[in-house]
Amino acid sequence: MSVETRAAEAESETVRRILTESGDTWAIVGLSNNRARAAHGVAAILQRFGKKIVPVHPKAETVHGEQGYASLADIPFPVDVVDVFVNSGLAGAVADEAVAIGAKAVWFQLDVIDTEAYARTREAGVDMVMDRCPAIEIPKLG
């Protein structure tokens, strides 16, 4: 088995673990009421699959019936997964904040890439995937 194949299998296992074992409270950083943004649609799909979504956006808007918060630190209850919809330049700080609040996993959306943040997060013992979308992955679980 090639190194690439092993890496792909490990990544797929991490995706499965985050979606099925990490918990059902997902803070979605960058989620607002802007229906044109990908976060809006992905959040709705996560809700359909039984996840509690927590909008995180400077506006702290209520989205899909869920109270929003201006930052991860403002959320007054435990968060299992932090799903990141901000650009790659801002994503590393969000990953660090996710580790700081005790999240079990960090998920960087499609085109959100920060290899240094990935390494830091994994080194902290937190599951992480990068450049993937849970709305694409969760239906594959069957």
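The values are calculated or read from the model by the stated rules, or taken from the named source; none is laboratory data. Quick caveat, the model's predicted, so the values are computed rather than measured. With ideal geometry, Cβ positions are generated from the backbone for all residues, glycine too; neighbour counts draw on all protein chains shown. These area figures cover heavy atoms from the full protein model, side chains too; ligands, DNA and RNA do not enter into them. Shrake-Rupley method; radii C 1.70, N 1.55, O 1.52, S 1.80 Å.
Taking strands (runs of 3 or more DSSP E) that fall entirely within region 47-142, which contain at least 1 residues that are open to solvent by 70 Å² or more (accessible area, probe 1.4 Å) and not β-branched (Val, Ile, Thr)? Spell out the reasoning first.
Details: elements: 52-56, 81-84, 105-108, 127-129.
Answer list for region 47-142: 52-56.
Looking at 85, 49 in this structure, which one is in contact with a helix residue (DSSP H, G or I) (Cβ under 7 Å, 6 or more places away or on another chain), closer than 19 Å to residue 142 by Cα and among the aromatic types (Phe, Trp, Tyr)?
On the way: 85 fails: closer than 19 Å to residue 142 by Cα.
Being in contact with a helix residue (DSSP H, G or I) (Cβ under 7 Å, 6 or more places away or on another chain), closer than 19 Å to residue 142 by Cα and among the aromatic types (Phe, Trp, Tyr) holds for just one of 85, 49, which is 49.
Can you name the condition, by its number, that residue 36 falls short on among (1) open to solvent by less than 70 Å² (accessible area, probe 1.4 Å); (2) among the hydrophobic types (A, V, I, L, M, F, W, C); (3) not in a helix (DSSP H, G or I)?
With (1) open to solvent by less than 70 Å² (accessible area, probe 1.4 Å); (2) among the hydrophobic types (A, V, I, L, M, F, W, C); (3) not in a helix (DSSP H, G or I) applied to residue 36, the lone miss is (1).
Is it true that some residue in region 64-73 is of a type in the set (D, E, K, R), in contact with a Pro (Cβ under 9 Å, 6 or more places away or on another chain) and at pLDDT 95 or above?
Narrowing region 64-73 to residues of a type in the set (D, E, K, R): 66.
Checking which are in contact with a Pro (Cβ under 9 Å, 6 or more places away or on another chain) leaves us with 66.
Restricting the remaining residues to those that are at pLDDT 95 or above gives 66.
Within region 64-73, one or more residues are of a type in the set (D, E, K, R), in contact with a Pro (Cβ under 9 Å, 6 or more places away or on another chain) and at pLDDT 95 or above.
Between a residue in region 101-127 that is at positive phi and any residue that is open to solvent by 10 Å² or more (accessible area, probe 1.4 Å), which pairs come within a Cβ distance under 7 Å, given they are 6 or more apart or on different chains?
Every condition considered, the pairs that remain are 102/78; 111/131.
Out of (1) in contact with a helix residue (DSSP H, G or I) (Cβ under 7 Å, 6 or more places away or on another chain); (2) among the hydroxyl-bearing types (Ser, Thr, Tyr); (3) without any contact (Cβ under 8 Å) to a residue 60 or more places away in the chain, the odd one out for residue 20 is which?
Condition (3) is where residue 20 drops out.
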